Amino acid sequence: MNEISTLQKARQEYKPKLAGVLVKGIKNLAIVKGNATESVRDKESIKEIFKNLYGAPVITFQEGKTNNSSKKNVGVILSGGQAPGGHNVIAGIFDALKEANLENKLYGFLGGPSGIIEGNYVELTSDIIDKYRNTGGFDIIGSGRTKLETPEQFEKSLNVCKSLNISAVVIIGGDDSNTNAALLGEWMKANNAGIQVIGCPKTIDGDLKNDMIEISFGFDTATKTYSELIGNIQRDANSAKKYWHFIKLMGRSATHVALECALRTRPNIALISEEIAEQNWSLKYITDYMTDIIVKRSAAGKNFGVALIPEGLIEFIPEMKAMIANLNDVLAEADAFEEFTMPEKFEYVSQHLEACNAQIFNSLPITIKHQLLMDRDPHGNVQVSRIDTEKLLIEMIELKLKEMKAEGRFKGKFSPLAHFFGYEGRCAAPSNFDADYCYNLGYNAVALIEFGLTGYLSSVRNLSKPAAEWIAGGVPLTMMMNMEKRHGEMKPVIQKALVKLDGPVFKELKENRDKWALEDCYLFPGAIQYFGPSEVCDITTKTLYLENKEKSLNLV
Ligand code: FBP
């Protein structure tokens, strides 16, 4: 990386704003411990698995005086899908470590969790860190999705840490990666290994959140990037007036990304997976709902529009959900499935699924059947980013419109275009919010380490207020866990936060969507601005604003 763009050069000079309590520095902190905590569900099973970590209190920092910090080496891992701001988490860790003791060292494990098992690392020095400040991507050390769960992996990780004199590891990741952090932390503690493990909440999906974690980093920048693109497409649709754009948005199971983008852009249709599951909408019902809007707009002379489709939709349509759960079990038990030809795979699956599920599977277009059979990721998740749900919906709607045309009930035109926005947003240059938030998460992770804590997620909250009012502390990882079926077995995992249908964010969409469907209320948010007035550059997501507004109203 020798040449850099003019913007990147200017961004390297950006100084992230620190939370008020952290401004005085890593040596001027004290901790306040809350009450003992419980896991969100399945308390007995989680307690049994995490005998050493379970029940730890929530931590909040306040100003104080820390004893002189002893010299230490720390390892850092970037884990899972990229999210804007990861480099700033590492910069925050580095700066806090050097502030605590100039002799401290930071090692970056390469290629995700496999780096700590295999001993692939680089020492992160100031000349490396400085090149990556305020940049997008995870390329400083790379990322990966290796699941950390076996004693052999933990043993190897311990040996690598010992060889580098590392006494704490920071895992920057989403729900699955922080589940790794909890398992690693538990094993280290059970074995008196003297290695602390701290997590940092990353994921553009926005599904790693709770009262103590208001947002995962990357969500702000990714949704702003997608919203810019959606706004541009809306302007194009409104200018040419000839295409219906079906835009699938990344975000895995939860619909936070699509919902946030919908509030920022006001498209004609925005499907919300959580609502579809709750209302028991079948694929046919969804097709009818969308077709109805298309036909009504066409009758008003508008043969164009924009529909947002969450990437995880297919797993939430009740009949599909049941079929996929059955399919996951069938695939988990199948021997040498990978060696079958595609027709053999289809045949095997339709013979082993329950009859009603086999019927649904067989009724799907061949491309979707193929995509449903692709490998699960190492954590057992269906790779929803690779399922063309937007194309499935287009196909279903085309069939329906053909029928209606034959019956004289539709006289317009339907020219659909399919898009998928996901990777475009994951490595964008972090917005001011993500640049600041991430730097604080990293800095705060070192504060947790300095106080000897382990099994905690770095928590910075009160985020819809200026950074000076942000609160810093830590949440025990076990507090967020429950048991879920993965690869056919019940496993402890951090519970994903789905869109709350009684929450203020969904309510905002529900109250407006009928109007947005037929009238053209499009918003064009434009590109993320890095330099300029604070109200243009520093404001975070509508999701966070509405959720925090509701929280503060409830406190009154
Ligand atoms: P994380 O949960 O690791 O943050 O990953 C998020 C994500 O971007 C999802 O939105 C998407 O479904 C998935 O990664 C895609 O995975 P991959 O990068 O392996 O294609």
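Quick look at the numbers
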read-out	value
Failed condition for Ser350, given (1) touching a helix residue (DSSP H, G or I) at 6+ places or on another chain (Cβ under 6 Å); (2) away from the ligand (no atom under 16 Å from the Cβ); (3) in contact (Cβ under 8 Å) with a residue 40 or more places away in the chain	(3)
Criterion: surrounded by fewer than 18 Cβ atoms within 10 Å (Cβ to Cβ), away from the ligand (no atom under 16 Å from the Cβ) and modelled with pLDDT of 95 or more - qualifying residue of Gly92, Gly75, Gly119, Gly108	Gly119
Failed item, numbered, when Gln371 is tested on (1) away from the ligand (no atom under 16 Å from the Cβ); (2) open to solvent by less than 50 Å² (accessible area, probe 1.4 Å)	(1)
Residue that is most open to solvent (accessible area, probe 1.4 Å), among those in region 122-139 that are among the acidic types (Asp, Glu) and more than 16 Å from the ligand (Cβ to nearest atom)	Asp127
Pick from region 182-206, criterion open to solvent by 10 Å² or more (accessible area, probe 1.4 Å), more than 10 Å from the ligand (Cβ to nearest atom) and not in a helix (DSSP H, G or I), ranking: nearest to Ala497 (Cα to Cα)	Gln196
Tally of residues being within 15 Å of the ligand (Cβ to nearest atom) and either part of a loop (DSSP other than H, G, I, E, B) or surrounded by fewer than 18 Cβ atoms within 10 Å (Cβ to Cβ) (or both) across region 405-429	5
Condition check for Val295: open to solvent by 20 Å² or more (accessible area, probe 1.4 Å), of a type in the set (Val, Ile, Thr) and at pLDDT 95 or above	yes
Any hit, region 517-535, residues being under 21 Å from Gly218 (Cβ atoms) and of a type in the set (D, E, K, R)	no
Residue match in region 23-46 (condition: open to solvent by 20 Å² or more (accessible area, probe 1.4 Å), within 23 Å of Asp436 (Cα to Cα), in a loop (DSSP other than H, G, I, E, B) and of a type outside the set (Lys, Arg))	yes
For Val170: the one exception among (1) touching a Gly at 6+ places or on another chain (Cβ under 6 Å); (2) closer than 22 Å to Tyr443 by Cα	(1)
Residue that is modelled with the lowest pLDDT [pool: residues in region 140-162 that are within 23 Å of Pro492 (Cβ to Cβ) and open to solvent by 40 Å² or more (accessible area, probe 1.4 Å)]	Glu149
Subset of region 226-258 (residues that are out of contact with any Phe, Trp or Tyr (no Cβ under 8 Å at 6 or more places or on another chain) and either within 13 Å of the ligand (Cβ to nearest atom) or under 28 Å from Gly474 (Cα atoms) (or both))	Gly251, Arg252, Ala254, Thr255, Ala258
Helices (runs of 4 or more DSSP H) fully within region 265-376 counting 2 or more residues that are under 31 Å from the mean Cα position of the chain (by Cα) and polar (S, T, N, Q)	283-299, 318-333, 366-372
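Rundown of residues vs (1) under 12 Å from Pro113 (Cβ atoms); (2) crowded, with 22+ Cβ neighbours inside 10 Å; (3) within 16 Å of the ligand (Cβ to nearest atom), yes/no style:
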residue	(1), (2), (3)
Leu164	no, no, no
Gly173	yes, yes, yes
Asn180	yes, yes, yes
Leu208	no, yes, yes
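The values are calculated or read from the model by the stated rules, or taken from the named source; none is laboratory data. The model shown is predicted, which means the values in this text are computed figures rather than measured ones. Please note: Cβ atoms are built from the backbone with ideal geometry, for glycine as well, and neighbour counts cover all protein chains shown. Accessible surface is based on the protein model in full, side chains and every heavy atom, while ligands, DNA and RNA are left aside. Shrake-Rupley method; radii C 1.70, N 1.55, O 1.52, S 1.80 Å.
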